[in-house]
1. Does B:ARG182 satisfy the criteria of being at pLDDT 85 or above and charged (D, E, K, R)?
2. I'd like to verify a number: residues in region B:119-142 that are without any contact (Cβ under 8 Å) to a residue 40 or more places away in the chain and under 17 Å from A:LEU37 (Cα atoms), how many?
3. Output the residues belonging to region B:262-281 that are in contact with a Phe, Trp or Tyr (Cβ under 6 Å, 6 or more places away or on another chain) and closer than 16 Å to B:VAL244 by Cβ.
4. Which one of these is farther than 30 Å from A:CYS307 by Cβ and aromatic (Phe, Trp, Tyr): B:PHE291, B:PHE268, B:PHE240?
5. Does region A:34-44 contain at least one residue that is more than 12 Å from every other protein chain (Cβ to nearest Cβ), part of a helix (DSSP H, G or I) and at pLDDT below 85?
6. Only residues in region B:163-186 that are within 17 Å of B:THR198 (Cβ to Cβ) count as the first member; pair them with residues that are aromatic (Phe, Trp, Tyr) and surrounded by fewer than 15 Cβ atoms within 10 Å (Cβ to Cβ), Cβ under 9 angstrom, at least 6 apart or cross-chain, and list the lot.
7. Take the residues in region A:282-327 that are of a type in the set (Asp, Glu) and either within 25 Å of A:ILE181 (Cα to Cα) or not in a helix (DSSP H, G or I) (or both), then tell me which one is nearest to the chain's Cα centre (by Cα).
8. Residues A:ILE189, A:ILE156, A:ILE138, A:ILE212: which one is more than 25 Å from A:LEU362 (Cα to Cα) and crowded, with 24+ Cβ neighbours inside 10 Å?
Amino acid sequence: MSAAPIKPIDIKQSVIDAVIAGLLALIVFGPIVGVVLQGYDFNLQPTRVAWLVGAVVVGRFLISLFMQTPTGVRMSQGMERGGSGVHVLAPGHKSALRWVIPLVIVLALVFPVLANKYILTIVILGLIYVLLGLGLNIVVGLAGLLDLGYVAFYAIGAYGLALGYQYLGLGFWSALPLSAIAAALAGCILGFPVLRMHGDYLAIVTLGFGEIIRLVLNNWLSFTGGPNGVAVPAPTFMGLEFGRKAKEGGIPIHEFLHIDYNPDLKFVFIYAVLFLVVIGVLYIKHRLTRMPIGRAWEALREDEIACRAMGLNHVLVKLSAFTLGASTAGLAGVFFASYQGFINPTSFTFFESALILAIVVLGGMGSTVGVVIAAFVLTVAPELLRSFAEYRVLLFGMLMVLMMIWKPRGLIRISRTGVVPRKGVAP
Amino acid sequence: MMDGIFLQQMVNGLTLGSVYGLIAIGYTMVYGIIGMINFAHGDVYMISAYLAAIGLAVMSYFGVESFPFLMLGTLAFTIVVTGVYGFVIERVAYKPLRNSTRLAPLISAIGISLILQNYAQIAQGPNQQGVPTLLSGGWRFDIGTGFVQITYTKMFILVAAFLGMGVLTYIIKYTKLGRMCRATQQDRKMASILGINTDRVISYVFIIGAAMAALAGVLITVNYGTFDFYAGFIIGIKAFTAAVLGGIGSLPGAMLGGLILGVAESQFSGLINSDYKDVFSFALLVLILIFRPQGLLGRPLVAKV
């Protein structure tokens, strides 16, 4: 590309931009931020408005100036390009993950010995969101289906354990596969009719489905306990229990091992199983993306019409992604329920779906490493930024908008090692 | 008795439905013109409810007592400010994404929705807000053993909503702006070749949609009196349901869909179960999208290569 002609910076234009932005900001922020309702009365808060408007004016002025510099021009040109979906590396490229993955596994094995309960619970939560992010990443990132009711499958998994225990006497180990299957079935039943239609409608249907599940859980008092929630049994390990006293006729694990009672053991156990499941899901996903079905997901995401013309059964391909994603959420739900020991519908609101979506968007659609990092960042960051808890949703929203403008494909692009054609084969 | 309840729910349903229709217009116009579900539209409505309450509070503080003046002032204030909201949101969050991937604007809209909810919560506090009843009284008709009551507020809502829809239909059908909108909706590229500033038309569409949501915000606030920062979510999905029911992209469809949904929901909650009325609306949405995605008055979607 030839160098763009460098124009002198037009300060007057920037000032005009800034003034217009300031006026708009005054109209937008003035009433809502400046006049705080108190019953039918109100009090005025002009300083807050002044700060906001000032920030907008200065920000717009600086952006306007920056966009006129050569770097800014290049950036705005870079933004307009959508870019291709996959970044292809040179053949024979060795990924840094070769030594990162064993390192992470070793760290994960040592970790529970060193950590206290607080850190352990945060990491468990982070891993649950890794699982959710991975599942949604198959649906949104790889297959390009926007699922806004993903939390419904999570709820099915969690309530599968809680209600399964209450009515059928299921334990953690039997609920783990059964909840995954139940969530997958729900995904299948919802997905089959819906996946045939236009892409954007899927987002709304799944959103409606998510709300239906939440409202039913909330209103069906006699079956789900409604807003009061349900208690979830503690997990057991080969008949050994983690409580101080055995409840189900088993033996408490501290008596079995002849050690002192330690309430953290339950979390260490959940952590261990969860870690194994996450590794398993990561491996399965890694293999799937290299199989024909994984290639079909990505091809369908990039161009549905071309895929159908090539003879791909788009409904089955989409359905497989949707079902797999749903079953992963079901697994995560079981872990969440046993981790909390109690669940109610407030854990399964639309905000939860948006949070998981933010993980996928931030991490890079389709990128596994990105999702793992983003899941930890978005679950650990709120713990570190307790004083900003009020602004958490605001920050998530801004993050989503800015990411879409700046890097719609996420922070970490999907990359794939190229292949050298064999000798004698036409390229 | 049954008849009384049925007719009463009919009246409630029509009032509610006309407001759904107003909000649905915003969804349907934006979808028609740029093929995007403006997820933040419900929250624009929520902002307008706050603005309506603020307008009413400030005006009555300055001693405006008569209902017509209060209403006119509040309407003008709310519509203008909400229109600016629509304009700014489009400029900041959607315009930079015009040529991006298909999912990008939708995700950006979800971001805006979260931002607006949290923004209202921080600025105005998490508590429920309310306005007192401004227009009391109504007509009462005895029917058999039961009765039907039509309050003046409900009458006002119906009249105002239909007036708003009428003005909009006139604008779209007979003015230059309307012709530009329709041309852009049919073929954006061709319209811009013919000298229509399509970016500006898209901005106008967002402003019109926000203005209609503002009208709805004022009317609902006057009727129900209470709202909170989360109010836009549920009503947004319902208005979207109305838009889809009528056929997304079709203006009369949005109004018809709104009325049908409002009546169906009111009848369901009056005759069957009011706990599950939201479930009923969402289930209706899912069923329509599965069995008749083009809606009542819409044309089937054909994918263009």
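1. So B:ARG182 passes the test.
2. So the count comes out to 4.
3. B:GLY262, B:PHE280
4. Sole residue among the options that is farther than 30 Å from A:CYS307 by Cβ and aromatic (Phe, Trp, Tyr): B:PHE268.
5. no
6. Short answer, once both residue conditions are applied: B:GLY178/B:TYR170.
7. A:GLU298
8. A:ILE156
The values are calculated or read from the model by the stated rules, or taken from the named source; none is laboratory data. Since the structure is predicted, the reported quantities are computational estimates derived from the model, not experimental observations. Heads up, the Cβs are rebuilt from the backbone with ideal geometry, glycines too, and the neighbour counts pull from every protein chain shown.
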